Every structure is written in structure tokens, then in C-alpha cells.
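Take this structure first; my questions come after.
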Amino acid sequence: MSQNPIAETVASLMPRAKAELTELVAFQSVADWAQFPKSESEGAANWVADALRAEGFQDVALLDTPDGTQSVYGFLPGPEGAPTVLLYAHYDVQPPLDDAAWISPAFELTERDGRWYGRGAADCKGGFIMHLLALRALKANGGVPVSVKVIVEGSEEQGTGGLQQYAEAHPELLTADAIVIGDAGNFRLGLPTVTATLRGMSLVKIKLDTLGGNLHSGMFGGVAPDALAALIRLLDSLRS
């Protein structure tokens, strides 16, 4: 008997995963309708939804988020009383920018030296395919021991906050005991890696008021409080 039947199952499923990733990468799903047709993102969203349905997910839905994009949701019930794991990925991608700078077409999955290249192959269409492959491997080796929710965002790269706003309005939808994000890398090739903490980022607007009116810099510079100098000190204090 194999020492690691799940690993063997994963290996056997890789050709299917590659074929599916090829289909998903082909969608030019940049969530900026000025650059790419909205139909490309809608096509990717529907592809993801169909893939979830094929795996037995229930309540599969295309969620219209406030920024005009769609996030895809599905629920796979597990054993009674089992915890719920939320799997996250996103199907939108960054624009390819300079097409001439690409060695291979941006929206065509290409294998070179054992690696797969294409816009979204890693970030994060590959993350969604990874989730599917892992679930299939578990099903083939005794079943999925938890309930699974999947949410696949449609505007992560744009940072327009559609899913965040939707989640704030529907907090029960994404409630889970644990979250696994398919949008992080490996420590090195061949070493599966779990990222336990994400640094994240914050977008803020700062308004800094000092004096009620203007003063001549030649006479008062360095003495009177200066908004720009204060802002420089404020921002520098955020780094340690």
C-alpha cells in the first residue's frame, strides 16, 4: 500500500488540473471594463460556478457586489457537527501591460521547464484549481472531513472592495471556523507551505491642518508648524 495515497491521487489529477487551468487562464478577466470586456470576467465567473456545481457544491451563486463585479460562492456540506472551512481565491487578474514583453501569450497557459506560465496561473486562478484538486483528492481517500465554503472574488486586483462590502452586508455568508487562502506562495519549489499570518495593507486619506493661513517661508520657515514636514514625520513613524 502507498505510504501517501493522497499525494499519489494529487499526482494523478495533475493533467486534469492543467487542462482546467488552461481553460480558466484563457479568460481575459481583468476587472477594468475600459481595458477588457466585462463578458470576459463574467465568463470566468460562470466557469468557476460550473466547476463548483460539478463537485457537488450547493447554493452556488454569482454574487453581484457593489463595485459592479461578481464573486462566486458555493457550499459543500460535511459530516454533521463538523467545522466549516472557508476557501478563498480570486479569478480576476492584473492586465498584461506590455504584450511584447511576454515570452509566451499572457492568456495562454504555457509550460516551460516544468513550470506553467500565464496571467493568473499562480495569482490566483491556480489557487482555485488547487482548491478543487485538494477536495478531489480528499474525496478519493475517505471523503472531505469538514464542511466547505468557497468564495472566489472578481475584483481583488483592482482593490475596489466589492467583496468586502458584500461581506459586511451579509456577514453570515462567509462565517467559518477557519479560512484557507489560495493566494500565497511556497517557501521554495516542491515544499508545500502554510502562511499563518498575512501583513495586508491599509488605504487611508490623511488631512493635516497646521496654520489657519499662510506665512512667508523665508521669515517663518522652520519655526511655524509646516504641514508637509509634519506629514513626513507622521509617515516615517509608521516604519520601524
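The values are calculated or read from the model by the stated rules, or taken from the named source; none is laboratory data. Keep in mind that what you see is a predicted model, and the values were worked out from it rather than measured. Positions of Cβ are backbone-derived with ideal geometry, glycine not excepted, and every protein chain shown enters the neighbour counts. Note: areas computed on protein heavy atoms with side chains; ligands, DNA, RNA excluded. Shrake-Rupley method; radii C 1.70, N 1.55, O 1.52, S 1.80 Å.
Excluding Gly43 itself, what net charge comes from residues whose Cβ is under 14 Å from its Cβ, given Lys and Arg +1 and Asp and Glu -1?
Cβ neighbours under 14 Å give a net charge of -3.
Students often check this: by mean Cβ neighbours within 10 Å, which of 165-174, 128-137, 215-224 ranks highest, and how do the rest follow?
Sorting 165-174, 128-137, 215-224 by mean packing, highest first, produces 128-137, 165-174, 215-224.
Next up: For Trp102, what accessible surface area do you get with a 1.4 Å probe? Give it in Å², rounded to 10.
70 Å²
Taking the chain as the reference, fit the longest principal axis to its C-alpha atoms, fit the long axis of helix 38-54 to the helix C-alpha atoms, and give the angle between the two in degrees, 0 to 90, nearest 10.
40 degrees
Suppose we keep just the DSSP beta bridges with both residues in the range 5-181; what percent of those would be antiparallel, to 5?
Counting DSSP beta bridges with both partners in the range 5-181, the antiparallel share is about 55 percent.
Okay, next question. For the range 89-240, take every pair of Cα atoms, bin their distances at 10 Å starting from 0, and report each bin as a whole percent.
8, 23, 25, 19, 12, 9, 3, 1
Give me the log10 of I(q) over I(0) for the range 5-181 at q = 0.18 Å⁻¹, as the Debye formula computes it from C-alpha points; what are the numbers?
-1.18
If you don't mind, there's one more thing I want to ask. So what is the 222 nm mean residue ellipticity for the chain from helices alone, if each DSSP H run of at least 4 adds -39500 (n - 2.57) and you divide by all residues, rounding to the nearest 500 deg cm²/dmol?
After summing the helix terms and dividing by the residues of the chain, the value is -10000 deg cm²/dmol.
What's the magnitude of the charge dipole for the chain around its Cα centre, counting Lys and Arg as +1 and Asp and Glu as -1 at the beta-carbon? Answer in Debye, nearest 20.
So the dipole magnitude of the chain works out to roughly 620 debye.
Per the 1.4 Å probe, what fraction of the accessible area of the chain, in percent, lies on carbon and sulfur atoms?
About 55 percent, which is the carbon plus sulfur part of the accessible surface.
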